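Read the figures in this text as sums done on the coordinates, not as results from a lab. What you are looking at is a predicted structure, and each value in this text was computed from that prediction instead of being measured. All Cβ positions, even for glycine, are placed from backbone atoms using ideal geometry, and neighbour counts span all protein chains on display.
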Amino acid sequence: MAGRSCCCGCGRGGGLEAANHQTNWIAQQRDLGREVSDDAVLRWGYGTEYSLDGGHVIYAGQWEDGLRHGFGTEYQDTPRVYYKGQWKAGQHHGKGRDVLDGEANYYEGHFANGLRHGHGILKLANKNYIYEGGWAQDKMHGFGKLKMGNGVHYEGYWDNNQFHGQGLYTDAEGNVFNGTFVRNQKNGCATYKDIEETTEQGLWKHNIKQGLFKIIYSNGSQFCVNYVDGHMNGAPRGGKCTECPTLDEKKACVCL
């Protein structure tokens, strides 16, 4: 945030160590574009930081070594955007609530070194978007649940903001895929159930059906269908799809 600031209620450290911390703090403030004099007070303890240009509170909370440290609240130019929670060495660290655009749009959970890290909830009411689960370095990671306003749901594992691992995905029409993802693509054994209660079980590779699939209709009848690159190869055959007569089909039957 540009512009000068002042802090009321902050203490001053002592000795050579405090002087070094003060020098580092002054340099950090100048890197952020703030005007700070060489004899600025090293902030320590509880204090409130005000903007001199607008007269509003920038930060209210605890300080250590001239940095926000402990519990405190950071305010932006608008009351619709603020952070309230734990700090460490000037960064969000620990548990906090980051309000992004009014109280209905926020992240609440754990931070590490200024990034979302650990368990948390991201809710964006203006986009009908809710995610609750694991985070790592500001990315969805580990187990989590995503719900979107268009009916899309995902419950499963993530890596670097992508579906990765076992997951249950419901699309906007209500069709359900239950299986394994690799970097957002269906990869591995899975079942797919459409809105008419027809279930397909088999192997997906890079979002494409490959090999023998067992199809079960809502009336209980079963058929076996062979897929090559997502296209049906040959006529469906009746039965429970328990036998693979040739070596190639045995490979294709790995998911049945």
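The table below gives the values:
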| read-out | value |
| --- | --- |
| Other-chain or far-sequence residues with amide H under 5 Å of V81's (modelled H) | Q76, G102 |
| Interchain or long-range residues, amide H under 5 Å from R68's placed H | G90 |
| Cβ-based exposure ranking for Y154, Y50, in which fewest neighbours within 10 Å come first | Y50, Y154 |
| Between the stretch 140-161 and the stretch 51-83, the alpha-carbon center distance in angstrom | 33 |
| Fraction in percent of alpha-carbon pairs per bin - 5 Å, the stretch 45-115 | 4, 18, 26, 24, 19, 7, 1 |
| Additional length obtainable on full extension of the chain from I195 to A27, 0.36 nm per residue less Cα span | 54.4 nm |
